[in-house]
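Below is one structure, written out as structure tokens; comments come after it.
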Amino acid sequence: MNTNQFRKYAHELVDWIADYYSEIEKYPVMSQSKPGEIFDAFNDFPPEKPVPFEKTFEEFNNIIMPGITHWQHPKFFGYFPASTSFPSLLGEMLTSAIGAQCMIWQTSPAAAELEEKTMNWLKRMLGLPVNFSGVIQDTASTATLCSLLTAREKFSSYSINENGFDSQMFTAYCSSEAHSSIEKAVKIAGLGKSNLRKIAVDEDFSMIPEALENQIEIDLINGFTPLFLTAALGTTGSTAVDNLKSIGEICNKYSIWLHVDAAFAGTALLLPEFRWMLEGIDFVDTFVFNPHKWMLTNFDCSAYFVKDREALIKTFEIMPEYLKTNVDDHVNNYRDWGIPLGRRFRALKLWFVIQTYGVEGLQNKIRHQLALTQQFIGMLDSRTDFEILAPVKFNVICFRYKPENLTDEIEINKVNAVLLDALNSTGKIFMTHTKLNGKYTLRFVIAQNLVEQRHISEAWELITETTALLGI
């Protein structure tokens, strides 16, 4: 493909992207494809001869697109969002076009210095301590693993990196509602899954500090070394918020490394009215949130902040001769701030978003979605056969359908599972579920860039119509 062909096809693709967003509501939100259907549509052998781009793009439209679940659809209410925006897309285009490998400052000074600046902006935008240093990771899962590895190395005076584990038995802690990435990190870091303590939660699904301290005391008596704790500002299931101050005081008392997972809800800190979540932040060692969830920056872009940057760097730094430069003592070489050597220029799209929207624009977007959330709560409250199952802290509503003639919890769970499948199979809406206290829970997440009041009303109408069709 030469420059002229690229120009032609690139213009066509930009037109396609613009049309896609203009017409996105014509697509079923969740792909209606069956398992293996996409796989079987392609030849078993790769093409021997070049395939014209027109043919490839035709297959994209005819085979790939039917197998896409449309995460940017305004009626995508499942999981947490992978939000994007036009400024972010434009930044990503330039990132791909430049094709820089941003492992050290020398490989692209602008990439390193823009990352440092945008992370400083984010720190101020969220109200984080000025002594935090920021770096962009791919996901919060990676950031959590980085935090645990740094805690492990700092505690062991970096001897585990050098010599491997001895007989030390570390324990890690999180609530029973915490994200699964914490368990994965504990396994990868060599602590062992059996040494992760999942602490009980209260009626709001937040970690119980007294239960945490009791477990720490038990572990100490049994010869364990408490090492690492993850507090959640917005759990995955219900967006519960752990008490950072109470937990931080306990971590400080027992010299436990404190990591904060604010992957989704951290964006709410752009609003001053949510800064109450940060009470106790001075106890925190590391903090992560994902602009690629609720801050209009397309995946992947995870903002990771550390109090002790030297401990982070010392954990991950490696200095082969071919990477040494004469400016290493004066710049940030971000390859030493995380796991991969290779790094994308993620800061560019984040900068585009902040520049284009400004802090006020981002705040307005969040407040709009929070207002829509309150409208949906009012719709649920207007009916006696729907039940909200968790406090609504942000824009995630956990609820279930509970017909008055049903009292058996197993049957109620089955009904809600059937309801969810029926809703998603229409292609007009997409939701997901969790379980809270054993109750099958429908999660309705209002965080799409394109979502408006009419989408909420139409979703509610579909939900109530579908429950009526269940005939219970």
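Nothing in this text is a laboratory measurement; each read-out follows from the coordinates by a stated rule. Here the structure is a predicted model, which means the values were calculated and not measured. Here the Cβ positions follow ideal geometry from the backbone for every residue, glycine too, while neighbour counts run over all protein chains shown.
Under a crude label model (7 Å from the Cα following the beta-carbon direction), how far is I388 from Q453 in nanometres?
Taking the two extended label points, one gets 1.9 nm.
For the chain, what's the relative contact order in percent, using C-alpha pairs closer than 8 Å and at least 6 residues apart?
Details: 788 pairs, mean separation 104.7, N = 472.
Relative CO of the chain lands at 22 percent.
What is the gain in length, in nm to one decimal, between S255 and D19 on full extension, counting 0.36 nm per residue of separation less the C-alpha to C-alpha distance? Could the numbers behind the result be given before it?
On the way: separation 236, 0.36 × 236 = 84.96 nm, distance 5.49 nm.
Gain on extension, S255 to D19, equals 79.5 nm.
If we count GluC sites (Glu not before Pro) as exposed when they sit in a DSSP loop and have at most 10 other beta carbons within 10 Å, what is the longest stretch of the chain that avoids them all? Present the calculation step by step, with values, prior to reporting the outcome.
Details: sites that count: E23, E48, E203, E404.
Between the exposed loop sites, the longest stretch runs 204-403.
May I ask which of K75/K293; K184/K435; K123/K307; K402/K435; K123/K154; K75/K365 have a Cα-Cα span longer than 18 Å here?
Cα-Cα > 18 Å for K184/K435; K123/K154; rest within.
Take every DSSP beta bridge with both residues inside the chain and express the antiparallel ones as a percent of the total, to the nearest 5. Write down the numbers at each step before the final one.
Details: 23 of 40 bridges.
Of those bridges, close to 60 percent are antiparallel.
Can you give the direction-averaged projected area of the convex hull of the alpha-carbon atoms in the chain, in nm²? Provide the component values of the computation, followed by the final result.
On the way: hull surface 104.7 nm².
Here the figure is 26.2 nm², rounded to one decimal.
Let me see the P(r) profile for region 360-470: every Cα-Cα distance counted, bins of 10 Å, each bin given as a percent of all pairs.
With 10 Å bins starting at 0, P(r) equals 13, 47, 31, 7, 1.
Which net charge results for the neighbourhood of R344, defined as the other residues with beta-carbon distances under 15 angstrom from its beta-carbon, given Lys and Arg at +1 and Asp and Glu at -1?
Working: positive: R335, R343, R346, K349; negative: E92, E115, D138, D300.
For residues surrounding R344, the net value is 0.
Using only Cα atoms, figure out Rg for region 137-246 and give it as a multiple of 2.2 N^0.38 Å.
Working: Rg = 14.0 Å, N = 110, 2.2 N^0.38 = 13.1 Å.
Relative to the 2.2 N^0.38 Å estimate, region 137-246 comes out at 1.07.
Mind listing the long-range amide H neighbours of T171? Cut-off is under 5 Å, sequence gap 5 or more, other chains count too, H placed in the peptide plane at 1.01 Å from N.
Amide H to amide H, under 5 Å and 5 or more residues apart or across chains, T171 pairs with T225, L227, F228.
So what's the net charge close to S156: Lys and Arg +1, Asp and Glu -1, counting the other residues with Cβ under 10 Å from its Cβ? Don't jump to the answer; show the numbers that get you there.
Numbers: positive: R152, K154; negative: E153, E162, D166.
Result for the local shell: -1.
Could you work out Rg/(2.2 N^0.38 Å) for region 3-70, with Rg from alpha carbons only? List each step's numbers first, then the result.
On the way: Rg = 14.2 Å, N = 68, 2.2 N^0.38 = 10.9 Å.
Region 3-70 yields a ratio of 1.30.
Just to be sure I understand: if I project the alpha-carbon convex hull of region 62-130 onto a plane and average over all orientations, what area do I get in nm²? List each step's numbers first, then the result.
Values: hull surface 31.3 nm².
It is 7.8 nm².
With runs of 4+ DSSP H residues as the only contributors, calculate the mean residue ellipticity of the chain at 222 nm using -39,500 (n - 2.57) per run, divided by the residue total and rounded to the nearest 500. Walk me through the numbers before you get to the answer.
Details: 15 runs with 198 residues, N = 472.
It lands at -13500 deg cm²/dmol.
HN-Hα J couplings of region 145-160 from phi, Karplus 6.51/-1.76/1.60, θ = phi - 60°, integer Hz, Gly and Pro as x?
5, 4, 4, 5, 5, 5, 4, 4, 6, 5, 5, 8, 6, 6, 7, 5
Specify which residue in the list G237, Q355, I63 is farthest towards the positive end of the charge dipole of the chain, using unit charges on the beta carbon of Lys, Arg (+1) and Asp, Glu (-1), about the Cα centre.
Q355
Set the Förster distance to 56 Å, then compute FRET efficiency between I410 and F60 from the Cβ-Cβ distance, nearest 0.05.
Numbers: r = 45 Å, r/R0 = 0.80.
After rounding to 0.05, the efficiency reads 0.80.
Would you mind getting me the FRET efficiency between W276 and K49? Use the beta-carbon distance for r and R0 = 45 Å, nearest 0.05. Don't skip to the end; give the middle numbers.
Working: r = 63 Å, r/R0 = 1.40.
FRET efficiency, W276 to K49: 0.10.
If I model a spin label at I377 and D202 as a point 7 Å from the Cα along the Cα→Cβ vector, what separation in nanometres do I get?
1.8 nm
Using r as the Cβ-Cβ distance of A417 and L469, and R0 as 22 Å, what FRET efficiency do you calculate, to the nearest 0.05?
On the way: r = 15 Å, r/R0 = 0.70.
Efficiency computed from Cβ-Cβ geometry: 0.90.
What are the ³J(HN,Hα) values, in whole Hz, obtained from phi via the Karplus relation 6.51 cos²θ - 1.76 cosθ + 1.60 with θ = phi - 60°, for each residue of region 373-380 in sequence order, with x given for Gly and Pro?
Each residue's phi maps through the Karplus curve to give 4, 5, 5, 5, 4, x, 5, 4 Hz.
Tell me the Kirkwood radius of region 102-179: reciprocal of the mean inverse pair distance over distinct alpha-carbon atoms, in Å. Provide the component values of the computation, followed by the final result.
Details: mean 1/r = 0.0647 Å⁻¹.
Every distinct Cα pair counted, the radius reaches 15.5 Å.
What are the equivalent ellipsoid semi-axes of region 100-344, built from the alpha-carbon gyration tensor (square roots of five times its eigenvalues), in whole angstrom, biggest first?
Numbers: eigenvalues 169, 106, 40 Å².
Three semi-axes, in Å: 29, 23, 14.
Could you line up Y334, Y304, Y357 from fewest to most neighbouring Cβ atoms inside 10 Å?
Numbers: Y334 23, Y304 28, Y357 17.
Going from sparsest to densest Cβ surroundings: Y357, Y334, Y304.
Run the quick spin-label model on A10 and S425: label points 7 Å from Cα toward the beta carbon, then report their separation in nm to one decimal.
4.6 nm
Under the 0.36 nm per residue contour assumption, what length would be gained going from the current alpha-carbon distance of D328 and N364 to full extension?
On the way: separation 36, 0.36 × 36 = 12.96 nm, distance 4.09 nm.
Full-extension gain reported as 8.9 nm.
Using every alpha carbon pair in region 298-396, what percent of pairs falls into each 10 Å bin from 0 up to the bin containing the largest distance?
11, 26, 22, 20, 13, 6, 2
Return the sequence-ordered ³J(HN,Hα) values of region 251-268 in whole Hz as given by the Karplus equation 6.51 cos²θ - 1.76 cosθ + 1.60 applied to θ = phi - 60°, using x for Gly and Pro.
4, 5, 4, 9, 6, 9, 5, 10, 10, 10, 9, 10, 3, 8, 6, x, 4, 4
Cα atoms only, region 204-348: Rg and Dmax in Å?
Reported Rg and Dmax, both Å: 17.9, 54.
Between L89 and D166, what length comes free when the chain is fully extended (0.36 nm per residue of separation minus the Cα-Cα distance, one decimal in nm)? Intermediate values should be presented prior to the final figure.
On the way: separation 77, 0.36 × 77 = 27.72 nm, distance 4.78 nm.
Taking 0.36 nm per residue and subtracting the Cα distance, the gain is 22.9 nm.
Starting from the amide H of F386, placed 1.01 Å from N in the peptide plane, find each other amide H under 5 Å away whose residue is 5 or more places distant or on another chain.
K402
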